[in-house]
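Working notes for the structure below.
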Amino acid sequence: MDTTTQNTEQPPPTPPEPASAATTAEEGRAARGATRPGDRVFLGLSRGSGIFLLVIMAAIAAFLAYRASIAIGKDEGNFLTTMEWNTNVDPPVFGIAVLAFGTVISSIIAMALAVPVAVGIALFITHYSPRRVGGVLAYVIDLLAAVPSIVYGLWGALVLVPHMEGLFGWLDTYFGWTGVFEWQEGAPRSLLTVGILLAIMILPVITNVSREVFRQVPRMHEEAALALGATRWEVIRMSVLPFGRSGVISASMLGLGRALGETMAVATVLSPTFKIHASLLDPGGGTFAQNIASKFGEATETGRDALIASGLVLFVITLLVNGAARMIIARRKEYSGANA
C-alpha cells in the first residue's frame, strides 16, 4: 500500500432547506391562479375596478381644478385669505378663510366629543353589557345611522338650538375669561352648536365600526390576561385597545369625512356670516358644504366656478386627512388583527 496516498473523505452535501409552509402555499395559489380561468377573471376585474376608481378620482380632481382656475383667474383678491364672498360685482371677490376655519373647527369639536363616547359605547356593548342589552343598544345605534341629515338638521334647529342657552351661559360664566367661550347673549347658532350636532351624527358611524373591530379581538388574548390576574379594565387596556387601534382610527376617519362634508344639517342650524369669531359661542361662521348648498342655486356662472373652487379645497383637505390616517395606520401595523 502506498503510504503517501491519503484517502480524504469529502463532507456530504448539505440537503436543501425545506420550503416553509407559507411559501409552499403561496406557490400553490400562484400555480392554481395561472391555470384557473375564474381566478384570472377575478384578478382582472379586481385590478380593473381599482384602476377605474383612480380614473374617477383623477377626473373629479381635473374638473374641479379646471373650473377653479377659471374663477381664481377672475378674482383680484387672495383666494386663501379673503373673508368676503361677493361674486355679483366686477371683479368678483371671494375667499375661503372663513369657510376653512368653520369647517375645520366644527369638525374638530365633533371629533373631540364623538370619538371618546363612541369608543366607550363600543366597549360597553362588546365587553360589559349583557348580551340582550347589548343587542338592543346596537340596534338603536344602527337606527341612528340611518336617520337622514335633514332630520338631524330640523331637530337641531327646533330642539337643540333653543336648549343650548343654558350651556352657553354656564360656559360664559366659568370659562368666558378665556375668550373662546365668551357669550354675548346672541342666538346659539354658532360653531359649537354645529360641532355638537355633527358629533351626534357621526357617533353611530364610529360606534358601529369600533364595535365590530373589538369583537375581532382573539379570545385567548383576553383569557391569558385574566389568567395572569388582570382586571377587566386592564384586559381592555392591554389587549383590546391595542388590537383595535387601527380600526378605531379608520372609524374616526369615516366619521371625520362625514363631518367635513355635511351640508343640510349645518345649513339648517348655522347662521352664516363671513367673519371669524374668536369665541366659539358667537353666532355666525360657515363651512364649505353649507356655503355651496346655500349659494349654488342663485349663483351666476362665475359664482358657480367660485363655489367649485371652494369644493376643490374641501376635496384636498379630505385627501390630506385620509392620507394622514393611512400613514398612522401603517406605522402601527403591529397592532392590526392580521398580526396579532
### Summary
Pairing a residue in the stretch 198-214 that is under 19 Å from VAL147 (Cα atoms) with any residue that is crowded, with 22+ Cβ neighbours inside 10 Å and of a type in the set (Phe, Trp, Tyr), where Cβ atoms lie under 6 Å and the two sit 6 or more apart in sequence or on different chains, gives MET201/TYR152
### Message
Which condition from (1) more than 25 Å from LEU167 (Cβ to Cβ); (2) at pLDDT 85 or above; (3) surrounded by fewer than 20 Cβ atoms within 10 Å (Cβ to Cβ) is the one that ALA251 breaks?
### Response
(3)
### Message
Consider the stretch 160-180. How many of its residues are part of a helix (DSSP H, G or I) and either in contact (Cβ under 8 Å) with a residue 40 or more places away in the chain or of a type in the set (Asp, Glu) (or both)?
### Response
5
### Task
Just give me the residues in the stretch 89-117 being of a type outside the set (A, V, I, L, M) and either under 19 Å from LEU314 (Cα atoms) or surrounded by fewer than 16 Cβ atoms within 10 Å (Cβ to Cβ) (or both), in sequence order.
ASP90, PRO91, PHE94, GLY95, PHE101, GLY102, THR103, SER106, SER107, PRO116
### Task
Filter the stretch 288-318 down to the residues that are among the hydroxyl-bearing types (Ser, Thr, Tyr) and closer than 25 Å to PRO91 by Cβ, then identify the one that is surrounded by the fewest Cβ atoms within 10 Å (Cβ to Cβ).
THR300
### Task
Go through ALA97, ALA59 for me and flag whichever is farther than 30 Å from THR193 by Cβ and out of contact with any helix residue (DSSP H, G or I) (no Cβ under 9 Å at 6 or more places or on another chain).
ALA59
### Query
If we scan the stretch 193-207, do we find a residue that is over 29 Å from ILE329 (Cβ atoms) and surrounded by 15 or more Cβ atoms within 10 Å (Cβ to Cβ)?
yes
### Query
Got a sec? Which of ALA265, ALA299 is among the aliphatic types (A, V, I, L, M) and not in a helix (DSSP H, G or I)?
ALA299
### Query
So SER279 clears everything in (1) surrounded by 18 or more Cβ atoms within 10 Å (Cβ to Cβ); (2) of a type in the set (Ser, Thr, Tyr); (3) part of a helix (DSSP H, G or I) except one condition, right? Which one?
(3)
### Message
Step by step: first the residues of the stretch 297-308, then only those that are at pLDDT 85 or above and out of contact with any Ser or Thr (no Cβ under 9 Å at 6 or more places or on another chain), then the one that is farthest from ALA100 (Cα to Cα). Which residue is that?
### Response
GLU301
### Message
For the stretch 262-276, give me each residue that is surrounded by 19 or more Cβ atoms within 10 Å (Cβ to Cβ) and out of contact with any strand residue (DSSP E or B) (no Cβ under 6 Å at 6 or more places or on another chain).
### Response
GLU262, ALA265, VAL266, ALA267, THR268, VAL269, LEU270, PRO272
### Query
Can you spot a residue in the stretch 61-75 that is over 19 Å from ILE292 (Cβ atoms), touching a residue at least 12 places away in the same chain (Cβ under 8 Å), more than 24 Å from the chain's Cα centre (by Cα) and outside any helix (DSSP H, G or I)?
no
#### Entry: Search result, residues across the stretch 181-235 that are over 19 Å from ILE108 (Cα atoms), small (Gly, Ala, Ser) and outside any helix (DSSP H, G or I)
GLY186, ALA187, GLY229, ALA230
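Residue-by-condition table, conditions (1) within 27 Å of the chain's Cα centre (by Cα); (2) β-branched (Val, Ile, Thr):
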{"residue": "ARG131", "(1), (2)": "no, no"}
{"residue": "GLY135", "(1), (2)": "yes, no"}
{"residue": "SER149", "(1), (2)": "yes, no"}
{"residue": "THR207", "(1), (2)": "yes, yes"}
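Table: residues versus (1) of a type in the set (Gly, Ala, Ser); (2) part of a helix (DSSP H, G or I); (3) modelled with pLDDT of 85 or more; (4) under 18 Å from LEU64 (Cα atoms).
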position: SER271; (1), (2), (3), (4): yes, no, no, no
position: GLY286; (1), (2), (3), (4): yes, no, yes, no
position: ALA293; (1), (2), (3), (4): yes, yes, yes, yes
position: SER310; (1), (2), (3), (4): yes, yes, yes, yes
position: MET327; (1), (2), (3), (4): no, yes, no, no
position: GLU334; (1), (2), (3), (4): no, yes, no, no
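The values are calculated or read from the model by the stated rules, or taken from the named source; none is laboratory data. These numbers come from a predicted model, not from an experiment. Ideal geometry is used to build each Cβ from the backbone, glycine not excepted, and the neighbour counts take in all protein chains shown.
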